[in-house]
Structures are given as C-alpha cells and as structure tokens.
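The structure appears right after this line, and notes come after that.
The values are calculated or read from the model by the stated rules, or taken from the named source; none is laboratory data. Note that this is a predicted model, so its numbers are computed, not measured. Please note: Cβ atoms are built from the backbone with ideal geometry, for glycine as well, and neighbour counts cover all protein chains shown. Protein only, heavy atoms only, side chains kept; ligands, DNA and RNA dropped before computing areas. Shrake-Rupley method; radii C 1.70, N 1.55, O 1.52, S 1.80 Å.
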Amino acid sequence: MKSLSYRSYAKVNVGLKILSQRPDGFHNINTVFQELDFFDTIQLKRIGSGCDFSSNVDWLDNNDSNLCVLAWKKFSENYDIGGVSINLYKNLPSGGGLGGGSSNAATILKGLCSLYSLRPTFEELKTIATELGADVPFFLKGGLQSASGIGEDLIQHTGSIPGSYLLIIPSFKIDTAWAYKSCKKFLDKDKEELNFAGLLNKDQIPLKFFKNDFEPIVIPAYPEIAEIKEKLWSTGPRFVSLSGSGSTVYGIFDDEADARSAESKFSHDYSTFIANPIEHM
C-alpha cells in the first residue's frame, strides 16, 4: 500500500487566561487558538503490527514518551487495526508554544482513520485526543477556535485573525509544567473575566485586550523574551505576544512586506518563520 502524507500545522495562542486549578491538577483556561501554515510532514503506511517510528530529529523515541506513538497506541486500543509506520519530518520546535507534538498526535489520529478506512464520530475521536493532551482536540479541526476547560471545550469560528505572522523562536525551551506550577501566586488575584470568543465576533478584532497570563511568569525567568517583545513592537506590528507558555514570540503584521522587513532584524540571532493563518474548511 502507498504511504499517505499529511501536513501537521502549528498554532499560536491569541490571548490566554489562566482561571483556576482543578482537582485533577490541571488548570482551567480561556484562550483562542489560531492555526498557521507552518508545519511538520508526516507519512503513514500500514504494517502488520506495532508502531515503527522514524524522524529527522534525535529527541523523539519510538515509545510512549512520543505523542505520535502514543496516538497510535490509544487509537488501536479503541479500534481493531494493525500496525503503522510513521515517518515524521519536524520543522516545528519542541517547547516553543506552537503545539507541534499535539498537532502531530491529532494528525496521526486522523491519518489512521484514512489508513484503515474508519469513520468514528468527531466526539469519539475527540475523547481519544483529550487523553493525549489538552491541545490535541483543537488540531482535529484547526482553523480559529476559542477554548475553555483545559482547552478541550472548543467553539469553532469562521474566518481567521488576519495578517502575516512573524514567529521568533529562541534556542531555549520553556517547560509547560513549570510554567503552570509557577502561576499559583497569580491565581489568588481577582481577575476580570474576559470573553475572548465575544471579541472575535466584532468587525475589527480588538487585539489589545488579548493578554497572555504566562508572560508575567515567563519574562522574569527569561528576560530575553521581554527584549524580543520590545524589539518586535518597534517594527510596527499590530499585535505582539508570547504563544502559550513560550518560548515563541510572534507579531501580527498587516502585510507580508512589513513582516519580512521585521524578520531581517531578528534572523541572525533566532530561528524565524513567517506564516499565514488557516481558516477552517
């Protein structure tokens, strides 16, 4: 059988509120996910049994610590399928707040459905996705979605948050578990409830209201983030933010020429990419 090839896209968080810690140890959040056309490539092929994983990076192993392998394992526990050969070509960095691992897992789930001609309901697939990670359900449909709960309660929105997105990715990684653990002192403060979903329905999205609660946690520990943000703001974008818990900082520009001009000021020191928002089809 021929292999099937898929693009596994990135996301950024446009605004992120950390609301409360749950009894299960996770945190309730309020955020907006915007999918971008910056992607990994995944090739899948049927094999008799097991999971044969290979990649262009050496930090992913062929075991349950790898979300690609775990996605196959969880899927095969629910459906009577054989094995799969997975070849992953990584472009998205680890620990960058772009959702690379979650996107890969969701792509595997959707790919296995095609590979084995299965048609589970979206809710059935979402149940497996939620077991794999909080961001995985978003990538089942992608596009523009607002999220609550731990990120699994999703509302699909038409269109996108338009612009050219300049991604600036430092060499260091930020551990998401550390970031959430460090946010405890902020949870005790009274917070104004802000409905990001409602703001998306306005003709002109007021991006100035989309704050990321991880920034007051991450920036003191990683002051270089503040330097990147300040320098990026000086290039004239209409919005600048940390994505998720970082470490990627991104700016949204009105046109690609401005994004390219800004990129030239960072590309010698950091990995940089320019991406466009994806609309839900």
For residue 205 the rounded accessible area (nearest 10 Å², probe 1.4 Å, non-protein molecules ignored) is 40 Å²
Residue separation between residue 202 and residue 181 times 0.36 nm, minus their alpha-carbon distance, gives in nm 4.1 nm
In whole Hz, the Karplus estimates of ³J(HN,Hα) for region 239-245 (6.51, -1.76, 1.60; θ = phi - 60°; x where Gly or Pro) are 7, 9, 7, 6, 9, x, 8
Taking a crude spin-label model, label points 7 Å out from Cα along the C-beta direction, the residue 2 to residue 20 distance in nm is 5.3 nm
Here the Kirkwood hydrodynamic radius of the chain, Cα-based and in Å, equals 19.4 Å
accessible surface per residue for the chain, probe 1.4 Å, DNA/RNA/ligands not counted, whole Å² -> 47 Å²
Calculated from DSSP helices alone, with each H run of at least 4 adding -39500 (n - 2.57) and the total divided by the residues of the chain, [θ]222 nm to the nearest 500 comes to -8500 deg cm²/dmol
Short to long, in 5 Å steps from zero, the percent of alpha-carbon pairs of region 50-157 per bin is 2, 12, 24, 24, 19, 12, 6, 0
From the Cα centre of region 32-94 to that of region 111-129, the distance in Å is 15 Å
Applied in sequence order to region 87-92, the curve 6.51 cos²θ - 1.76 cosθ + 1.60 (Karplus, θ = phi - 60°) yields integer Hz couplings, x standing for Gly and Pro, of 10, 10, 9, 8, 10, 6
Ignoring GluC sites (Glu not before Pro) buried by more than 10 other Cβ within 10 Å or outside DSSP loops, the longest site-free run in the chain is 1-191
The number of Lys pairs in region 10-102 whose alpha carbons lie under 20 Å apart, excluding pairs fewer than 8 residues apart on one chain, is 4
For region 1-54, one quarter of the surface area of the C-alpha convex hull, expressed in nm², comes to 6.5 nm²
Per DSSP, the loop-located trypsin sites (Lys or Arg not before Pro) within region 213-251 having at most 10 other beta carbons within 10 Å are none
Of all lysine pairs in region 151-281 that are eight or more residues apart or on different chains, those with Cα atoms under 18 Å apart total 14
